Structure formats: C-alpha cells, structure tokens
Amino acid sequence: MPLRRDMLLFLAASALAGGTSRALASPLTAASQPDLRGAIDAVEYRAVPESGDRMTRNLEQMIKQAAAENVPVFLPPGTYRISNLTLPDNTRISGVPGASRIVYTGDGHLFAAENIRRIELSNLVIDGGNRWLGDYVGGLLQFTGVDEVLIDNCEIGGSRKHGLQLERCGGRIERSRISGAAQSGLYAVDSANLSIVANTVSDCGNGGILVHRWKKAEDGTVVSGNRIFNIRANDSGTGQNGNGINVFRADGVMVVNNQISDCAFTAIRANSASNIQISSNQCRRSGETAIYVEFAFEGAVVSANMIDGAANGISIANFDEGGRLASVTGNVVRNLTLKGPYTHEVGFGIGIAAEADTLVSGNVIEGAPRWGLQIGWGPYLRNVVVSGNVVRKAPVGCAVSVAEGAGTAVITDNIFQEVSQGAVLGFEWDRQVSAEMAGGRAPYAQLTVERNRVS
C-alpha cells in the first residue's frame with residue numbers, strides 16, 4: 001500500500017464508515033500540531049471508524065509500516081474500537097483533539113509495548129469503557145522498558161486498573177487528562193528521566209500520580225504543574241491509598257507547582273524518598289495530612305506550599321525508621337480539623353510536625369485545633385530548630401517533647417497569638433508536663449527557648 005506524502009494538518013474530510021464524509025470543525029492550533037509530513041492516513045488501510053472486526057488487524061499493520069518507514073500515523077475524527085495492540089519501536093500516532101477516539105473493546109489490554117526505544121501518542125481520546133483488563137497488565141496503557149514515552153494532549157479514561165502504567169520508562173507525559181481509573185491515574189515505577197507536566201488527573205479510585213521504585217534508589221522524576229482532584233481510597237488503608245501524589249522509595253524527585261484538592265488522604269506523600277523537593281504546591285481539603293514525609297528518608301525540602309483544609313498540615317516523621325534531615329520553610333497552613341480517616345496514636349489537628357535534624361522557619365499556621373507545632377514525639381527528637389514562625393488560633397502553640405531520651409530543640413523568635421492553653425509547652429508523649437516556657441524559663445537542659453512573643 002503506497003504511503004501518502006502530502007501534509008494532513010488541515011485535512012478537510014475523510015472517507016469514514018459507509019462512505020460518508022465528515023469535515024473537521026476547525027484546523028489544529030499551532031501549539032497542538034504534530035509533524036505529519038508523510039503521515040500514513042488510517043483511511044488508506046481501511047482502519048476506519050466503526051469498521052468491525054478487522055479494525056485492530058488493519059490498524060496494527062498500518063502502525064508497523066509507519067514505524068518502519070519512520071513516519072507518523074494520523075487518525076481522522078471518529079471512533080476506533082480496538083484491543084490488544086502491541087506497539088512497535090518508533091510508533092507515533094496522532095489524531096484530532098477531542099475527535100479521534102480509541103475505544104477499548106475488552107479481552108486483554110489496549111496498548112502495550114516492551115523494551116523499545118520510543119513511543120509517541122498525541123491528540124487522542126483513549127477510552128477504556130471500564131472493561132475487564134487481563135491479569136498480565138496493570139493499566140489500560142502499559143509500557144515497560146521504553147526509553148522515551150511521549151504522551152501529549154491525550155484524554156485517558158475509564159480504566160479498570162491504572163490509567164497509564166510505566167515501568168522502567170523515561171520521557172514526558174504532558175497536557176493530558178486522565179480520569180476515572182479504578183486504581184491510580186498514572187503509575188510510574190523505576191523511572192529514568194521522566195517528566196509528568198501540566199496534566200489533569202481526577203476522579204480516581206486509589207491514587208492520582210504514583211512515582212515508585214521496587215527498591216530504594218535514585219529516580220529523578222519531575223512532577224510539575226499538574227491539577228489533581230477527587231482522589232478516593234476505595235481500598236482503604238492508613239495512607240497507601242487516597243493520595244494525590246505519592247512518591248515511594250524514589251530519591252531525587254521534584255514535586256513543584258501542582259494544584260491538588262479533595263484527596264481522601266494526602267495531597268503529597270513521600271515515603272522512604274530521600275532528597276525530595278516539595279515546593280510551591282496548592283493543597284486543599286486533604287482528608288489526612290496534606291504533606292507527609294515519612295519513614296526512611298534523608299533530605300527533604302518542603303517550602304512555599306499553601307495548605308488550606310486538612311487533618312494535619314505538614315509532617316516530617318519517623319525518626320525511629322531513619323527519617324531525618326529536612327527544611328520546612330515559608331509554608332502557609334490553615335483551617336485544620338481534629339477529624340481524620342482513622343485513629344492515629346499522635347492525633348490530628350496539628351499544623352507542622354518535625355522530629356530530627358530539621359529546620360522549621362518562616363511558616364504561618366492559623367487554625368490548628370490541637371497543636372500549632374509538634375516538635376518530637378516521645379524520645380524521637382534531635383536537633384530541631386523552630387524560628388521565625390507565626391502561630392495563631394491553636395490551643396497549644398508549640399508542643400515539644402521532653403520525654404526521657406528526647407534530644408535538642410531550639411525554639412526562638414516565634415510569634416504566638418490566641419493560644420488558649422499555652423505557647424510553648426513540654427510534653428511526654430501526649431501528656432503535658434511543663435508550665436509555660438515561651439518566656440525563656442525552660443527547665444530542660446536540651447531546650448533553648450528564647451525571644452518568643454505571646455499575645
């Protein structure tokens with residue numbers, strides 16, 4: 001079958017099922033135009049919308065030839081009902097935004113690829129129809145060992161598992177809309193040079209964007225500029241589900257400039273993830289802790305985030321598991337609640353909590369119904385500096401651990417206003433054991449409490 005070499009950017013009409021013609025509503029904008037010089041048109045291969053059982057076979061043949069000839073495939077507007085396509089190296093498929101629809105018919109998987117160099121999908125609507133997926137796949141689209149996965153301006157919806165699963169992949173997932181996945185919208189494990197940028201992920205059963213590794217190691221994924229909302233925790237638990245962005249065992253990840261709201265648990269959760277940067281995110285109406293850095297991590301920067309509505313604001317936890325070394329600066333935390341999704345040994349209603357080798361500075365906390373600041377827990381306290389923070393409208397401004405074995409803390413130059421029970425108080429676990437210390441009268445050698453103002 002000969003290749004077409006003319007430009008298809010402004011295709012006026014395509015011969016679709018039944019010989020009808022359908023004009024494009026408008027040409028592609030310059031920003032979304034793929035390079036379609038020499039593209040193969042699906043019509044040439046009779047891989048036309050609604051063409052019956054031969055659709056998958058014809059489309060697969062067309063994709064293989066296009067990949068071999070180093071040209072893209074163009075899908076004119078319409079609905080393409082297919083399943084079980086294995087994509088070859090150098091696959092490039094593009095359509096008309098919102099009009100070229102690929103619908104999964106069931107019985108296995110939709111798109112899969114393994115151990116190849118490059119795949120590119122753009123301007124497609126990909127609909128899983130909530131149909132059964134084979135036990136051998138984890139997502140509606142599953143790519144394994146692909147050096148460069150490029151997905152741009154696509155809509156991916158209706159998956160019975162993950163919307164998109166990437167394992168040992170690099171590339172860029174951008175400007176796409178992923179929704180209605182029973183598990184997470186995007187699950188990336190053991191990534192290399194992966195960027196997840198400017199996507200919308202919504203209405204998923206157990207997670208939004210997951211960046212994981214099988215074993216703790218350098219990862220380097222960038223998660224930036226995404227909108228994530230309405231993330232449930234259908235499989236319950238105490239934090240493994242229900243998170244907008246979840247980073248697990250992946251070191252060197254950046255989570256910046258995201259808008260995250262209405263997650264059953266956490267907006268951003270980093271578990272055993274060292275050298276993580278969590279900055280300039282909007283986190284609204286989180287069911288548990290808005291930003292959680294926990295378990296075996298070393299190195300975390302949590303800065304300039306806006307948190308409005310959560311059970312807890314920011315938690316830098318698990319010194320008992322090796323969690324240490326963090327900077328928490330310039331965040332705004334407000335409108336917290338005492339109610340969380342499970343019973344917690346520490347409790348909820350806490351603005352910012354930190355345990356070991358951590359600077360907590362320049363933050364503003366307002367409306368923490370239990371403690372504005374929690375410094376240490378039992379003996380798990382070492383080298384925490386709390387300076388230059390503003391805490392308003394909290395029963396206790398700063399609860400610092402003075403239990404046996406607790407280490408050093410410096411609490412200076414903070415402002416506490418409307419703290420009904422006290423500004424700086426010593427606790428053994430959850431039991432208050434000291435009088436007010438904000439004025440510098442700290443009867444504990446490991447504490448320095450100076451120059452705080454209480455009003």
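Specify the angular offset, from 0 to 90 degrees and rounded to the nearest 10, of the alpha carbon long axis of helix 55-68 from the longest principal axis of the alpha carbons in the chain.
80
For the chain, give me the percentage of DSSP beta bridges that are antiparallel, rounded to the nearest 5 percent. Numbers along the way, then the final one.
Values: 6 of 167 bridges.
Once the DSSP bridges in the chain are tallied, antiparallel ones form about 5 percent.
What does DSSP give for the range 363-440 in terms of the percent of beta bridges that are antiparallel, rounded to the nearest 5?
Beta bridges within the range 363-440, antiparallel portion: roughly 15 percent.
Leaving ligands, DNA and RNA out of it, report the carbon-plus-sulfur percent of the accessible area of the range 127-207 at a 1.4 Å probe.
Answer for the range 127-207 is 41 percent, counting heavy atoms of protein chains only.
Once phi is turned into ³J(HN,Hα) by the Karplus curve 6.51 cos²θ - 1.76 cosθ + 1.60 with θ = phi - 60°, what whole-Hz value does each residue of the range 321-331 show in order, with x for glycine and proline?
9, x, x, 6, 6, 8, 10, 10, 9, x, 8
Quickly rank 286-295, 193-202 as a protection proxy: mean count of other C-beta atoms within 10 Å, highest first.
On the way: 286-295: 26.6, 193-202: 20.5.
So the order, starting with the most tightly packed, is 286-295, 193-202.
Quickly work out the Val346-to-Asp430 label distance, labels modelled 7 Å from Cα along the C-beta direction, and quote it in nm with one decimal.
1.3
I need the P(r) histogram for the range 43-189: all alpha carbon pairs, bin width 10 Å from 0 out to the longest distance, whole percents.
13, 47, 37, 4
Cut-off under 28 Å on the C-alpha distance; same-chain residues fewer than 8 positions from Lys161 excluded. Which lysines are left, in chain and number order?
Lys64, Lys215, Lys216
In the range 322-383, what % of DSSP beta bridges are antiparallel (nearest 5)? Walk me through the numbers before you get to the answer.
Numbers: 1 of 13 bridges.
Roughly 10 percent of the beta bridges in the range 322-383 run antiparallel, per DSSP.
For a protection proxy built on the mean count of beta-carbon atoms within 10 angstrom, sort 62-68, 393-399 highest first, please.
Numbers: 62-68: 19.0, 393-399: 25.1.
Descending packing order for the listed peptides: 393-399, 62-68.
For the chain, what does -39500 (n - 2.57) per DSSP helix run (n ≥ 4), summed and divided by total residues, give at 222 nm, in deg cm²/dmol to the nearest 500? Walk me through the numbers on the way to the answer.
On the way: 1 runs with 14 residues, N = 455.
Calculated from helices alone, the mean residue ellipticity at 222 nm is -1000 deg cm²/dmol.
Rolling a 1.4 angstrom probe over the protein heavy atoms, how many square angstrom per residue are accessible across the chain? Don't jump to the answer; show the numbers that get you there.
Values: 17410 Å² over 455 residues.
So the chain comes to 38 Å² accessible per residue, rounded to a whole number.
If you average the C-alpha positions of the range 129-199 and of the range 288-326 separately, how far apart do those two centres end up, in angstrom?
What the calculation gives is 27 Å, centre to centre.
Can you tell me which of 415-422, 352-359 comes out highest on packing, and rank the rest after it, using the mean Cβ neighbours within 10 Å? All intermediate terms of the calculation are to be shown ahead of the outcome.
Working: 415-422: 17.0, 352-359: 24.6.
Output ranking for 415-422, 352-359: 352-359, 415-422.
By a straight-distance test (C-alpha under 20 Å), which lysines pair with Lys339 as possible cross-link partners, with residues fewer than eight away in the same chain excluded?
Those lysines meeting the cut-off are Lys393.
The values are calculated or read from the model by the stated rules, or taken from the named source; none is laboratory data. All values reported here derive from a predicted model rather than from experimental measurement. Heads up, the Cβs are rebuilt from the backbone with ideal geometry, glycines too, and the neighbour counts pull from every protein chain shown. Side chains are part of the model used for accessible areas, which takes the heavy atoms of the whole protein and leaves out ligands, DNA and RNA. Shrake-Rupley method; radii C 1.70, N 1.55, O 1.52, S 1.80 Å.
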